[in-house]
Amino acid sequence: MSTTYSFPVTFSIFPIIFFVVFFTVSTDKTTSALDVYGTNLKSKHFVIEMPKTLQAMLHNDANRQRTFLRKQSVMKKHQRVQSIGKIRRELVEETRNNDDGSNDRLNVVVDMAVHSGADYGIGQYLVAFKAGTPSQKLNLIVDTGSDLTWMNCKYSCNNDPNKCSGISRQQSKVEVFEADNSSSFNTIPCSSQMCKVDLSNLFSLAMCPFPFTPCGFDYRYSDGSSAIGFFANETVTVGLTNGRKAKLDKILMGCSQSSQGSSFRGQVEPDGVLGLGFSKSSFALRATDAFGGKFSYCLPHHLSPKNVLSHLTFSSPSYQNGATSKIYTTLGAIGTNYAVNIRGISVGNELLKIPGEIWDVNGVGGAILDTGSSLTFLALPAYKPIVAALTVPLNKFERLDMKMGQLEYCFNATGFNEMLDVPRLIFHFQDGTRFQPPVKNYVIDAADGVKCLGLVPAVWPGVSVIGNIMQQNHVWEYDLVNGKLGFAPSSCT
């Protein structure tokens, strides 16, 4: 007969945030959670150290999910579409420059290096990006869920007090992009139509003390964090697979001079965000228009070191990035997020009973792909049956009476074999295609000797989110011309 003890355990979810849970431990001869961490059973209190990358990942995902919910609450029905081909053509016509989309660019491929942010203590992926004239190198988060490309920035307004009036002078801790050193950096006046109307969805400020004061923004996150700066147009330099370089002029960017709040506190602060959302303001729309209409990426394992490089490419639909035998399904949109039309989900070849409205892109549900989120969020009516089906075969492993942030099901992974111990999870799309991720994409390492289901419940009504861990080790092609999403397994190297 075994005796059970409950000990309070303190977790550091973020450098300044702590919470307490209870960890139940059995003293029978089976391997306990305390054994996993090498902690003496006689100790009444102990601390389990969660990896810093996981801490940042959980914190970012929680904030991000609240942001998605806020956006969805004000979304109009016409902003939900099952196929984006026609909408894309309308968007690019509004923003097209005379030098974009020229025929000589349709036969070349833009290739940008991508790597995991694990070495920096974050749960996203970073891309090497060059902006300015002469170009300055930045490491930006790859984000299909964001419209705006922004960077930590320093700018003196060319010492013109009229231009700087009303713009915050407080500088961020990391000043990366030196705007004064770029001859192609041009601020957008606050008196312009672009500031007053076009950028209103990106939180442009109505304040305009002088006509040529830069158009400011104050982006407020759901946890109270904020990024403050102004909008500008800048030149971006990209490398091509033929060894040459190309320039994209007048790319909309945010110059962030001040940021505060827990969303921006990390082990190493990234230089900014590369916005790849489905919006006329995003880098994705401008770059795909100039180079053929498609962008692709391949995300290596989320804990890979920074020297494991993969690719973000922009090309014509005919270019094959990595794996050639891709599966294609319809690519839709929910607001400015890329959506997929899911019919259902099966676990162990059994299609689960999930209401169809959960996946209805045209209703109040649907599912989006988001590289800025690490975990996969599933609307509660889908989450419950999926987790129930996955955990039945895991009953032979000791479930840990603990909760790591949003991760609700964690277990002692001693003796775990992903090929034998977990049934396969499959996403079934409306057109009959299927996405079958490897087990490591949904049973993730949480700490030494501990694994958790990398699935998180999301509020219903609301969208489900397929995060970057579920997408890892696959090529993903966003064909914006034909409204198709291609995917295939890949080593991403």
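The values are calculated or read from the model by the stated rules, or taken from the named source; none is laboratory data. Quantities reported herein were computed from a predicted structural model and do not represent experimental measurements. For neighbour counting, all protein chains shown are included, and Cβ atoms are generated from backbone atoms with ideal geometry for every residue, glycine included. When the accessible area is computed, the model is the full protein with side chains, heavy atoms only, and any ligands, DNA or RNA have been set aside. Shrake-Rupley method; radii C 1.70, N 1.55, O 1.52, S 1.80 Å.
Quick notes
- Shown is the FRET efficiency for residue 448 and residue 350, computed with R0 = 35 Å from the Cβ-Cβ distance and rounded to the nearest 0.05: 0.60.
- Spatially, segment 417-478 and segment 381-407 are offset by 14 Å when compared through their Cα centroids.
- Per-peptide packing, taken as the mean over residues of other Cβ atoms within 10 Å, places 303-312, 391-400 in the sequence 303-312, 391-400 from highest down.
- FRET E, pair residue 113, residue 180, Förster distance 30 Å, beta-carbon r, rounded to 0.05: 0.65
- Net charge of Cβ neighbours under 14 Å - reference residue 460; Lys, Arg +1; Asp, Glu -1: -1
- Here segment 412-479 is treated as a Stokes sphere of Kirkwood radius computed over C-alpha pairs; at 37 °C and 0.692 mPa s its diffusion coefficient rounds to 235 µm²/s.
- Share of alpha-carbon pairs per 5 Å distance bin for segment 357-493, given as whole %: 2, 9, 17, 23, 20, 15, 8, 4, 1, 0
- Annotation: peptides 208-219, 347-358, 431-442, ranked by per-residue average of other Cβ atoms within 10 Å with the highest first, follow the order 208-219, 431-442, 347-358.
- Projected label points at residue 309 and residue 364, each 7 Å from Cα along the beta carbon direction, are separated by 4.8 nanometres.
- By average C-beta atoms within 10 angstrom, highest first, the peptides 461-472, 132-143: 461-472, 132-143
- Stretchable slack from residue 459 to residue 491, in nm (0.36 nm times residue separation minus alpha-carbon distance): 8.2 nm
- Cα extents of segment 385-451 along the three principal axes, largest first (Å): 40, 25, 19
- Neighbour net charge for residue 439 - beta-carbon separation under 11 angstrom, K R +1, D E -1: +1
- Accessible area expressed per residue, segment 430-493, with surrounding protein chains retained (probe 1.4 Å, Å²): 29 Å²
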